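The values are calculated or read from the model by the stated rules, or taken from the named source; none is laboratory data. Since this is a predicted model, take the numbers as computed values, not measurements. Virtual Cβ from ideal backbone geometry, glycine too; neighbours counted across all protein chains shown. Just the protein is used for accessible areas: all its heavy atoms, side chains included, with ligands, DNA and RNA removed. Shrake-Rupley method; radii C 1.70, N 1.55, O 1.52, S 1.80 Å.
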Amino acid sequence: MVKEIERAGIPVVHIATVTPISLTIGANRIVPGVGIPHPLGNPKLSEENEFKLRKSMVLKALDALQTPIEEQTIFS
(Lines give C-alpha, C1' and ligand atoms only; values in the text may rest on other atoms or scores of the structure.)
Protein backbone atom coordinates (compact mmCIF):
# COMPACT_ATOMS: atom_id res chain seq x y z
CA MET A 1 0.00 0.00 0.00
CA VAL A 2 2.91 2.34 0.79
CA LYS A 3 4.20 2.11 -2.78
CA GLU A 4 0.77 2.78 -4.30
CA ILE A 5 0.25 5.92 -2.22
CA GLU A 6 3.73 7.17 -3.18
CA ARG A 7 2.97 6.48 -6.86
CA ALA A 8 0.09 8.94 -6.50
CA GLY A 9 2.64 11.57 -5.44
CA ILE A 10 1.97 11.50 -1.70
CA PRO A 11 5.05 10.86 0.46
CA VAL A 12 4.61 8.12 3.04
CA VAL A 13 6.56 7.10 6.13
CA HIS A 14 6.43 3.44 7.06
CA ILE A 15 6.91 2.96 10.82
CA ALA A 16 7.97 -0.66 11.10
CA THR A 17 9.51 -2.95 13.65
CA VAL A 18 11.19 -5.19 11.06
CA THR A 19 12.92 -2.75 8.74
CA PRO A 20 14.32 -5.41 6.35
CA ILE A 21 10.74 -6.29 5.42
CA SER A 22 10.01 -2.60 4.77
CA LEU A 23 13.02 -2.47 2.47
CA THR A 24 11.89 -5.63 0.69
CA ILE A 25 8.39 -4.30 0.02
CA GLY A 26 9.83 -1.06 -1.33
CA ALA A 27 8.97 1.49 1.35
CA ASN A 28 10.99 4.64 0.69
CA ARG A 29 10.95 6.35 4.10
CA ILE A 30 11.24 3.99 7.04
CA VAL A 31 11.21 4.80 10.76
CA PRO A 32 12.07 1.85 13.02
CA GLY A 33 9.36 1.01 15.55
CA VAL A 34 9.90 -0.01 19.16
CA GLY A 35 8.90 -3.67 19.03
CA ILE A 36 6.55 -6.07 17.29
CA PRO A 37 3.73 -6.07 19.86
CA HIS A 38 4.00 -2.29 20.44
CA PRO A 39 5.47 -0.51 17.39
CA LEU A 40 4.68 2.98 18.68
CA GLY A 41 5.11 2.61 22.40
CA ASN A 42 6.39 0.69 25.37
CA PRO A 43 3.81 -0.25 28.01
CA LYS A 44 6.60 -0.82 30.55
CA LEU A 45 7.37 2.91 30.59
CA SER A 46 5.60 5.43 32.77
CA GLU A 47 2.79 7.34 31.09
CA GLU A 48 5.00 10.44 30.85
CA ASN A 49 7.95 8.58 29.31
CA GLU A 50 5.78 6.69 26.87
CA PHE A 51 4.27 9.99 25.72
CA LYS A 52 7.79 11.34 25.15
CA LEU A 53 8.72 8.19 23.19
CA ARG A 54 5.63 8.41 20.98
CA LYS A 55 6.08 12.12 20.40
CA SER A 56 9.70 11.54 19.41
CA MET A 57 8.70 8.88 16.88
CA VAL A 58 5.95 11.01 15.35
CA LEU A 59 8.32 13.98 15.04
CA LYS A 60 10.89 11.72 13.38
CA ALA A 61 8.24 10.53 10.92
CA LEU A 62 7.19 14.12 10.15
CA ASP A 63 10.83 15.03 9.56
CA ALA A 64 11.16 12.03 7.22
CA LEU A 65 8.14 13.23 5.24
CA GLN A 66 9.87 16.55 4.61
CA THR A 67 13.23 15.07 3.67
CA PRO A 68 13.93 14.72 -0.05
CA ILE A 69 15.33 11.25 -0.78
CA GLU A 70 16.79 9.53 -3.82
CA GLU A 71 16.68 5.96 -2.48
CA GLN A 72 15.12 3.95 0.33
CA THR A 73 16.11 5.54 3.63
CA ILE A 74 15.86 4.39 7.23
CA PHE A 75 15.48 7.33 9.62
CA SER A 76 16.85 6.07 12.92
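Taking GluC sites (Glu not before Pro) that fall in a DSSP loop and have at most 13 other Cβ atoms within 10 Å as cut points, what is the longest piece of the chain between them? Walk me through the numbers on the way to the answer.
On the way: sites that count: Glu70, Glu71.
Formally, the longest exposed-site-free interval is 1-69.
Through the Karplus equation 6.51 cos²θ - 1.76 cosθ + 1.60, θ set to phi - 60°, convert the phi angles of segment 31-45 into ³J(HN,Hα) values in whole Hz; use x for Gly and Pro.
Going residue by residue, I get 10, x, x, 6, x, 4, x, 9, x, 10, x, 9, x, 7, 7 Hz, with x marking Gly and Pro.
When only Cα pairs under 8 Å and 6 or more residues apart are kept, what is the percent relative contact order across the chain? Walk me through the intermediate numbers first.
Working: 93 pairs, mean separation 24.4, N = 76.
For the chain, the relative contact order is 32 percent.
Report, by chain and number, residues whose modeled amide H sits under 5 Å from the one on Ala16, excluding near sequence neighbours (fewer than 5 apart, same chain).
For Ala16, whose amide H was placed from the backbone, the distant partners under 5 Å are Val31, Gly33.
Calculate how steeply helix 47-66 sits against the longest principal axis of the alpha-carbon atoms of the chain, using the helix alpha-carbon long axis, and give the answer as 0 to 90 degrees to the nearest 10.
In the chain, helix 47-66 runs at an angle near 10 degrees to the longest axis.
Count neighbours as other Cβ atoms within 10 Å of each site's Cβ, and list the trypsin sites (Lys or Arg not before Pro) in the chain that are DSSP loop with at most 11 such neighbours. Each step should come with its number before you reach the end.
Working: sites: Lys3, Arg7, Arg29, Lys44, Lys52, Arg54, Lys55, Lys60; in loops: Lys44.
Passing both the DSSP loop test and the Cβ count: Lys44.
Can you pull the percent of segment 2-74's accessible area that's carbon plus sulfur, 1.4 Å probe, other chains left in place? Numbers along the way, then the final one.
Values: 2920 of 5010 Å².
Ligands and nucleic acids excluded, carbon and sulfur give 58 percent.
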